[in-house]
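The values are calculated or read from the model by the stated rules, or taken from the named source; none is laboratory data. Note that the coordinates shown come from a computational prediction; the quantities given were computed from them, not determined experimentally. Here the Cβ positions follow ideal geometry from the backbone for every residue, glycine too, while neighbour counts run over all protein chains shown.
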């Protein structure tokens, strides 16, 4: 059984397209924070400011631009295809994840859209994390980001004074 | 422990200006977080205060405490709470934060050679099961603690 699961995981990894092969190129963004793994469930945390168009949101018709935003992307371990019909117990999900983007004035930034499960494109889309999209604010007003996974909290500072 | 929490509540209310809290009498309180260390130097309490007269809405209070400093000792922590850049967020489970009212710092009079310094931050009251945690920034460094609904 374990050998089968391992084999399935390896097959899933082998079918992962590289980020450069995604069909829709991501708009350029300014990375405000990249954090080392927070836990076994969160292998990477990235906070990115999109001043032109938010990644993953369709541009406004005729302009190519879209709403600016700040996105927080959480990556989780990917070792099982969703088509197996068996979900990995370690898979990140918007149902068990929450993110707060903290402003220095003691408030939190509001969500621009509902959080999404991030999927890698391909014949069999593979979930690899969650994506939280916040309203745009000047990066120098941000104090940090807090992540909750299954009720456990993690905090990281954002230092973007320039 | 309860006596200490009650004392914190009284001290917190005593620091509020009259227009916002006319009665200044603690009717009851509910501790949500009891003197949890944030660092080697600072601890945090989170309590919900209910006032007696005047039917004021309850308050959520986050109180930061500094390690006691004994008079006459050489102070190993030269920077007081009031000299630190402190910010506090109360996180709601829905991804928002609780609105903050105000922040007050006080230094309690010396008792038995011990000087106690605290900073209280007051928030609007929300159902306590909606509060997921508290985040404290001290000179830019973030500390987070979970608050379990009970």
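See the values below:
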read-out: Subset of region B:48-64 (residues that are at pLDDT 85 or above and surrounded by fewer than 22 Cβ atoms within 10 Å (Cβ to Cβ)); value: B:48
read-out: Of all residues making up region B:77-86, the number that are part of a loop (DSSP other than H, G, I, E, B) and touching a strand residue (DSSP E or B) at 6+ places or on another chain (Cβ under 8 Å); value: 4
read-out: Residue B:81 at pLDDT 90 or above and under 16 Å from the mean Cα position of the chain (by Cα); value: no
read-out: Residue match in region B:121-132 (condition: farther than 30 Å from residue A:111 by Cβ and modelled with pLDDT of 85 or more); value: no
